[in-house]
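Trainee: Below you'll find the structure I mean.
The values are calculated or read from the model by the stated rules, or taken from the named source; none is laboratory data. These numbers were taken from a predicted model, which means no experiment stands behind them. Because the Cβ atoms are built from the backbone with ideal geometry, glycine has one as well, and the counts that use them run over all protein chains shown. Side chains are part of the model used for accessible areas, which takes the heavy atoms of the whole protein and leaves out ligands, DNA and RNA. Shrake-Rupley method; radii C 1.70, N 1.55, O 1.52, S 1.80 Å.
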Amino acid sequence: MSIHRSQLLQAFDSLLQPERFKDYGPNGLQVEGKAEIQRVVSGVTASRALIEAAIAAQADAIFVHHGLFWRGQDGRITGWMKQRLQLLLAHDINLFAYHLPLDAHAELGNNAQLGRVLGFAADARFGEQDLGFAAPAAFDNVQAVADHVAQALGRPVTLVSPGDVGGGAAARRPVRRVAWCTGGAQGYFESAIAAGADVFITGEISEPQAHLARETGVGFIAAGHHATERYGAPAVAAHVAEQCGLSHQFIEIDNPA
């Protein structure tokens with residue numbers, strides 16, 4: 001079975017509602033390929049490695065979280081950009097990309113799916129555009145949360161414990177509420193603190209967050225940008241592919257970030 005590219009775009013748009021978001025780049029169809037689509041490959045980022053793997057899988061469309069085009073980038077089609085576009089166009093492959101809409105979806109998005117993997121049932125949203133998720137939890141301390149996240153994701157994480165400076169009382173305090181926002185959401189830390197979190201989980205950490213964690217008594221866990229955002233794209237693509245009667249395959253491109 002195959003469907004027209006416009007029908008697949010409509011299915012993605014209907015599910016993710018990109019018009020609701022102020023984003024850093026275009027959501028939806030970023031590169032137009034063949035009109036009829038049978039096979040969809042999903043991945044986290046539209047890297048050359050993913051595009052080459054999709055070609056080998058005979059995909060008609062690729063669905064990703066990180067597309068090719070971002071606000072403020074150099075618009076010239078040279079170097080790595082030329083190579084990626086050249087592959088897509090030569091093989092007539094459609095590229096669909098959804099950034100913040102994929103983070104935000106309440107059941108299938110990156111944050112919802114990370115919560116599923118970590119065993120957290122969100123009962124609140126926070127932060128700009130309600131991208132952050134929060135849930136009740138029961139851990140002895142922030143180190144126990146970090147150990148749980150590392151085990152669930154299968155990789156080391158960075159923990160800034162509130163006990164790193166000025167004594168360890170805060171670090172030993174039980175964790176009753178967790179908050180998270182996938183990827184590069186370290187800027188959401190203050191909103192997570194205001195939302196009552198005992199610990200905040202995201203992908204990356206910048207210099208200010210270490211001081212905030214130590215001074216506010218709220219733990220900060222950086223678990224990897226790619227590692228926290230590898231669950232939404234396959235969940236959405238699989239859902240839409242089943243809905244439309246298409247073949248779907250998730251292709252993992254390893255990334256240490």
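Trainee: Of all residues in segment 26-35, count the ones that are open to solvent by less than 40 Å² (accessible area, probe 1.4 Å), over 19 Å from the mean Cα position of the chain (by Cα) and closer than 17 Å to residue 13 by Cα.
Mentor: Total satisfying the criteria: 1.
Trainee: For segment 91-149, which strands (runs of 3 or more DSSP E) that fit wholly inside it have 1 or more residues that are within 17 Å of the chain's Cα centre (by Cα) and under 14 Å from residue 185 (Cβ atoms)?
Mentor: Working: elements: 94-97, 124-126, 132-139.
So the answer is 124-126, 132-139.
Trainee: Which of the residues that make up segment 90-125 are of a type in the set (S, T, N, Q) and either closer than 21 Å to residue 148 by Cα or open to solvent by 30 Å² or more (accessible area, probe 1.4 Å) (or both)?
Mentor: 110, 111, 113
Trainee: Restricting attention to segment 36-52, which residues are of a type in the set (A, V, I, L, M, F, W, C) and either open to solvent by less than 30 Å² (accessible area, probe 1.4 Å) or touching a strand residue (DSSP E or B) at 6+ places or on another chain (Cβ under 6 Å) (or both)? Before the answer, list the steps.
Mentor: In the first step, residues of segment 36-52 are kept if they are of a type in the set (A, V, I, L, M, F, W, C); the result is 37, 40-41, 44, 46, 49-51.
Residues satisfying the conditions are 37, 40, 41, 44, 46, 50, 51.
Trainee: Hey, among the residues in segment 193-239 that are buried (at least 23 other Cβ atoms within 10 Å of the Cβ) and β-branched (Val, Ile, Thr), which one's nearest to the chain's Cα centre (by Cα)?
Mentor: Checking each candidate, the answer is 228.
Trainee: Taking segment 65-89 on its own, how many of its residues are assigned to a loop (DSSP other than H, G, I, E, B) and open to solvent by 30 Å² or more (accessible area, probe 1.4 Å)? Show your work before the answer.
Mentor: Going residue by residue through segment 65-89, those that are assigned to a loop (DSSP other than H, G, I, E, B) are 67-78.
Now restrict to residues that are open to solvent by 30 Å² or more (accessible area, probe 1.4 Å): 69-78.
Residues meeting the conditions: 10.
Trainee: Would you please list the contacts, defined by Cβ atoms under 8 Å and residues six or more apart or on different chains, that run from a residue in segment 205-223 that is more than 11 Å from residue 159 (Cβ to Cβ) and touching a residue at least 12 places away in the same chain (Cβ under 8 Å) to a residue that is outside any helix (DSSP H, G or I) and of a type in the set (D, E, K, R)?
Mentor: Correct list of pairs: 214/164; 217/173; 218/198.
Trainee: Same structure, new question: Can you tell me which residue among 127, 119, 79, 115 is closer than 21 Å to residue 24 by Cα and modelled with pLDDT of 95 or more? Walk me through it before giving the result.
Mentor: On the way: 119 fails: closer than 21 Å to residue 24 by Cα; 79 fails: closer than 21 Å to residue 24 by Cα; 115 fails: closer than 21 Å to residue 24 by Cα.
Exactly one residue qualifies, and that residue is 127.
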